Structure formats: structure tokens, C-alpha cells
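Structure, as C-alpha cells:
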Amino acid sequence: MSFIADKQTLEDLNMLGKYKQQSIFSLFNKVITTGAEKLLENMFKNPLDDPEIINRRSAIFQYFQGKRLSFPFSNEQFSAVENYLNGLSGTNYLSSLLYLGRKKLLGVLIRDEEYGKVQYGLDQTVALLNSCKIFIDQLEEAQQHHHPFYDEILTAKNILNDQKLEWLTEEQASMVPYTLLKTARYDHLLRLTMKAELTMVMEIFYQIDLFIAIASLAQTKGYSYARALSKDINVLTATALKHPAIEKAVANPVSFHQGSNMIFLTGANMAGKSTFMKAFSVNIYLAHMGFPVAAEEMAFSVKAGIYSSINVPDNLDMGYSHFYAEVLRVKKVAEEVSDGKDLVIIFDELFKGTNVKDAYDATLAVTAAFSEYRNCLFIISTHIIEAGEVLQQQKNIQPLYLPTIMNGTVPTYTYRLQPGISSDRHGMMIIENEGILEMLEG
């Protein structure tokens, strides 16, 4: 199984979407080849839940980051070769020869372009495979010891150095057009006999493209790599954690352990509660992918998944009010938690769709009930500070708040976490500052 994140959570965190504004996927999508982009999309859709596999992937990123490499190929090169390898070919050498001979003749008689396309694809494939050999040789020359991507590099090297491909360098150097016999022989070898092996080489180079691109982004942004720990110890620590998609984001420390597995977060509107919760959640998701995170340091016990309730929509087609949609979301999470799964749970402003008294009672009861599941990690925010004053008596609940500093009647926000419960009540002041009442009275 992979790390779980449902549709609601992915939308809350804006994780996916190549063309979606400020999505986390688009932030990391700096790859060159279409094959690497597909691989990146698959990684985003399937985070990991095995600490050994997570740490290995992180180690591969760090290896390429240390190399400071650039990917010396274009998407057009790989697309041409991929199209060529997946094109029609004879089932054996003789059928390939007959097929290409017929196409060459038709090219003369009726300007059929198929034979020319085969020759072009063959030329592109020979050139790319030779370039791949050179890249691997250069990579090995600079590498003095075993590294986390060694096995994949060795696989590609062994395929490219296969005796059946000894002609590659010589043919490219000769600059002589292939005869029909050579075209048929090489075409049959590349598109039939060795198609599976060459496809594997392409896939390894798509991985190299991805690892170089993400490692370069991590270097530029100053990201680090989280260390995945066994789920049994249930800890998470991060220093200077921030949202990766926000320039000049304010960083905060975060710490959970078995005896303190819930943060109860308070603060005024615009103080940064939702942004902090999203920053935390996005980095948790990236960490389970083995990707770089926006933090100075991070270590975490691997979880089974993450559920958030940040932007829960109503459903008019189903007749659901916003409050009922919230209730159903909490019910869904309760089912998962009570089933014994090790999860990260994020609730932003619980029960804001109902009256203050019901919201207070529900927030208090639901938060206290969830906090008993010590195998999970929770961040729950609210405007109802009275609930926090009660809940902070529980030893496993960390009361934190994001303060508001008043400059006269103008509020400013530090976006830095502080221990305790917020006492900020500046909503009416903000309304007065905007002149709404004067506008209506005038």
C-alpha cells in the first residue's frame, strides 16, 4: 500500500495539477522529458509508506544534488527515439527487410515517407544511445564509490555495452548513410530483439532527468531532506518549516511525540493558521514521497496517510449544507482513525458552519475524543478560544497560537507560533477600520 491522501486533502493542499496555479506539482515540475514528467506525476499520486524506500529515494536526490549535474538532452531527442522504438516493425529480420524494401521502393515511386521516417528514427536512436553511453562514462569517472543509484546506472551501462550494440559508435562516426541491408538489420535489432532493454535504458534516463531536476530545485530553494523513521515510535520534529510555494514564507518549528500528539491552534483571522497547517501538511506529503522539504531539518515516523478538512465545500446537489458537509468529513476521518490507522489529521476551524454554542460543544467533544488516539498526529484550529482553555489541561495537547500585534488600531501579524491560547479579539476593529458601518450609515 501507499500513503493515503483522498481527493479533498489533495485539493486542500493544492498538491496536483500541471496547469493548476501554484500547485505543488507545478513547483517541482522542472523536468525536461515527457517521460520524467509522467514519472513525477506518478510519484505525486503515490507517496510511500516504507521508511527504507523513502530514505533511499531521498539519498538518490542528495547524490545528484552533490553532483551539480545538468541533464544534457532534449525532450525532442527522447520523443523521437520513443516514437521510433514503438513503431511498426517486422516480426523477424527477413520480414523487416521485405517491409523496408517495399517502403523504399514506394518512396521512389509515389514518395511514400515511411522509409525516410525509419531512417530518421534509426539515426536519432543511434545518436541518443551513444550520448547516453558518454554520459554514464562521465558519471562513473567522477564517482569513486558505491552510490544509491549505482544499480540503475550499472543496468543501463551493461545494456549499452552489450556486444550486439558494438556498432553504434562506429556507425555514427562514419557519417555514411545506411544501406537497406544495414537499415533492416539495425532496425530489427533495436525495435524487436533489444526493444525491452532499450526501453529500460530510456526509463532509467527519465529517472535521471527527474532526480537532477528535483535536486537542482532543492539546491536553489535551500530545501533539506527529511529522515523517515519507523512508525512505531510516533515522532515528528522539524525546524524552520515553511510553505514551499510561498516566497519569503515565515518558518516555524514543529514537534510531536507519543506523549504530545496534538496541536490545538488558535489565533485571529489572517494570523496565518490555515497557511501554517497547509505548510505542515504539504511537507508531510513531500516527506513521504522522499522529496526535499521546505525545512532546515525534519525527521518523522512514517504514517499510513493524511486527511485534512480545510476548505470543505457544501453540496447543493446532495442537499448538504456547509455544516453537514463538515460533519460528514469529521465522520469519515473518525472511521479511519478508529480503524487503527496511523494518520496525520488536519482540521481547520471545526464546525464553523453552525452557531457558536454548538461549535464550542462539538469542538470540545470531538477534539478530546480524537486526542486519545496516540498513534496519530493532529493539528486542530479554532476561533473558539474558550475550547482551547479547557483542552490545554490535557497533557498530550500542545496549545499554540499565532499572535496579532496592534499598532494603534491596525493589526499586524508575526506568523510565528507561540505557546498558549490566543486572546486576540480584533474582528470588530478590522470591520471598523474598513469603514463598513460608516458606508452603510452614509
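Looking at segment 273-282, can you tell me whether even one residue there is in contact with a Phe, Trp or Tyr (Cβ under 7 Å, 6 or more places away or on another chain) and either of a type outside the set (Val, Ile, Thr) or surrounded by 24 or more Cβ atoms within 10 Å (Cβ to Cβ) (or both)?
No, segment 273-282 contains no residue that is in contact with a Phe, Trp or Tyr (Cβ under 7 Å, 6 or more places away or on another chain) and either of a type outside the set (Val, Ile, Thr) or surrounded by 24 or more Cβ atoms within 10 Å (Cβ to Cβ) (or both).
Take the residues in segment 386-402 that are buried (at least 20 other Cβ atoms within 10 Å of the Cβ) and modelled with pLDDT under 90; name whichever of them is farthest from residue 258 (Cα to Cα).
387
Residue 406 - would you say it is assigned by TED's automatic domain parsing to the domain that holds residue 247, more than 31 Å from the chain's Cα centre (by Cα) and either assigned to a strand (DSSP E or B) or modelled with pLDDT of 90 or more (or both)? Before you say what the answer is, go through the steps one by one.
Numbers: assigned by TED's automatic domain parsing to the domain that holds residue 247: yes; more than 31 Å from the chain's Cα centre (by Cα): yes; either assigned to a strand (DSSP E or B) or modelled with pLDDT of 90 or more (or both): yes.
Yes: the conditions hold for residue 406.
Looking only at segment 52-79, how many residues end up being of a type in the set (Asp, Glu) and either in contact (Cβ under 8 Å) with a residue 12 or more places away in the chain or in contact with a strand residue (DSSP E or B) (Cβ under 9 Å, 6 or more places away or on another chain) (or both)?
1
Does residue 378 count as without any contact (Cβ under 8 Å) to a residue 40 or more places away in the chain and either under 26 Å from residue 255 (Cβ atoms) or under 28 Å from the mean Cα position of the chain (by Cα) (or both)?
No; evaluated as a whole, the condition is false for this residue.
Listed residues 184, 245, 196; which is part of a helix (DSSP H, G or I), over 30 Å from residue 392 (Cα atoms) and touching a residue at least 24 places away in the same chain (Cβ under 8 Å)? Let's see the steps before the verdict.
On the way: 245 fails: part of a helix (DSSP H, G or I); 196 fails: touching a residue at least 24 places away in the same chain (Cβ under 8 Å).
Among 184, 245, 196, only 184 is part of a helix (DSSP H, G or I), over 30 Å from residue 392 (Cα atoms) and touching a residue at least 24 places away in the same chain (Cβ under 8 Å).
Could you list, in sequence order, the residues of segment 409-435 that are assigned to a helix (DSSP H, G or I) and either touching a strand residue (DSSP E or B) at 6+ places or on another chain (Cβ under 9 Å) or at pLDDT 75 or above (or both)?
429, 430, 433
The rows are residues; the columns are (1) over 18 Å from residue 305 (Cβ atoms); (2) among the acidic types (Asp, Glu); (3) assigned to a helix (DSSP H, G or I).
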position	(1), (2), (3)
331	no, no, yes
345	no, no, no
369	yes, no, yes
380	no, no, no
390	yes, no, yes
400	yes, no, no
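Filter segment 33-51 down to the residues that are more than 13 Å from the chain's Cα centre (by Cα) and free of Cβ contacts under 8 Å to residues at least 60 places away in the same chain and list them by number.
Once the filter is applied, which keeps residues that are more than 13 Å from the chain's Cα centre (by Cα) and free of Cβ contacts under 8 Å to residues at least 60 places away in the same chain, segment 33-51 yields only 34.
Residue-wise test of (1) surrounded by fewer than 17 Cβ atoms within 10 Å (Cβ to Cβ); (2) farther than 30 Å from residue 336 by Cα.
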residue: 6; (1), (2): yes, no
residue: 19; (1), (2): yes, yes
residue: 24; (1), (2): no, no
residue: 48; (1), (2): no, no
residue: 54; (1), (2): no, no
residue: 67; (1), (2): yes, yes
residue: 74; (1), (2): yes, yes
residue: 79; (1), (2): yes, yes
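Considering only residues of segment 1-59 that are of a type in the set (S, T, N, Q) and outside any helix (DSSP H, G or I), which is farthest from residue 348 (Cα to Cα)?
Step by step, filter segment 1-59, then rank; the result is 33.
Just to be sure I understand, how many residues within segment 207-239 are farther than 22 Å from residue 380 by Cβ and crowded, with 16+ Cβ neighbours inside 10 Å?
Total satisfying the criteria: 18.
Confirm whether residue 341 is assigned to a loop (DSSP other than H, G, I, E, B), modelled with pLDDT of 90 or more and in contact with a His (Cβ under 8 Å, 6 or more places away or on another chain).
Against the criterion (assigned to a loop (DSSP other than H, G, I, E, B), modelled with pLDDT of 90 or more and in contact with a His (Cβ under 8 Å, 6 or more places away or on another chain)), residue 341 does not qualify.
The values are calculated or read from the model by the stated rules, or taken from the named source; none is laboratory data. Just so we're clear, the structure is a prediction, and the values are computed from it rather than from any experiment. A quick note on method: Cβ atoms are made from the backbone with ideal geometry, for glycine too, and the neighbour counts reach across all protein chains shown.
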